[in-house]
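Structure record follows, encoded as structure tokens.
The values are calculated or read from the model by the stated rules, or taken from the named source; none is laboratory data. Because the structure is a prediction, the values reported are computed rather than measured. Every residue, glycine among them, receives a Cβ derived from its backbone with ideal geometry; neighbour counts consider all protein chains shown. Only protein heavy atoms, including side chains, enter the accessible area calculation; ligands, DNA and RNA are left aside. Shrake-Rupley method; radii C 1.70, N 1.55, O 1.52, S 1.80 Å.
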Amino acid sequence: MTVESSPRKAKRFILTKEHRRFAEFANAVRRERYIGICYGPAGVGKTLSARRYAHWDKAETLLTQWGPRDPSDSDIYAALNRSRTVFYTPAVRTGLNEFRKEVLLLIGRVDICVELAHPRESTEFRAKRHVQLLIIDEAERLSTVVLDYARDLFDRKGIGLILIGMPGFEKRLSR
């Protein structure tokens, strides 16, 4: 997985009515294992709401820079346990092999973090998949083949799927 880091200033997140609507939408997609589409003009908060819902600002560094863990990571494990969500933004022109590799890697790592949030649970708990929702931001960047693979993940793994894109993306999907 290619990881690029950019310095982010800690910004205060304001819970708006639109964010609450997104969280309600994401909860429904996650609970009912649906496919949801979220689209709108740039700057309205789609990505920020999705990252906040998935606790991705907390978890992204841990998941992309995998290695020895620290006991303080338990807060991140607990956050991932609450959301059971993977947030993914494809690079421009991401191919099927790259998409498959990166998404399955993230799903596997989130599964491990959820298990680490429950260290004393039975082996039956450890044997099951824990990710319940995959959010793909900038989904209009994906080819039809990659979108079909994402839908196949939805079908085979039984996880909810939210595709986030710009206006017009929904028309491409309807074709």
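Residues that are more than 16 Å from the chain's Cα centre (by Cα) and open to solvent by less than 80 Å² (accessible area, probe 1.4 Å) within the stretch 25-44 comprise 40, 41, 42, listed in sequence order.
Per the conditions (1) within 13 Å of the chain's Cα centre (by Cα); (2) exposed (fewer than 15 other Cβ atoms within 10 Å of the Cβ), the sole criterion not satisfied by residue 111 is (2). For the stretch 81-103, a residue qualifies if it is part of a helix (DSSP H, G or I) and within 15 Å of residue 55 (Cβ to Cβ), and the qualifying residues are 81, 82, 83. Being among the basic types (Lys, Arg) and open to solvent by 50 Å² or more (accessible area, probe 1.4 Å) is the filter; apply it to the stretch 74-97 and report the residue that is farthest from the chain's Cα centre (by Cα). Filtering first and then ranking leaves 93. Within the stretch 56-73, can one find any residue that is surrounded by 18 or more Cβ atoms within 10 Å (Cβ to Cβ) and not in a helix (DSSP H, G or I)? No, the stretch 56-73 contains no residue that is surrounded by 18 or more Cβ atoms within 10 Å (Cβ to Cβ) and not in a helix (DSSP H, G or I).
Which residue is modelled with the highest pLDDT, if the candidates are limited to the stretch 124-148 and must be out of contact with any Asp or Glu (no Cβ under 9 Å at 6 or more places or on another chain), closer than 23 Å to residue 112 by Cβ and surrounded by fewer than 16 Cβ atoms within 10 Å (Cβ to Cβ)? Ranking the candidates gives 124 first.
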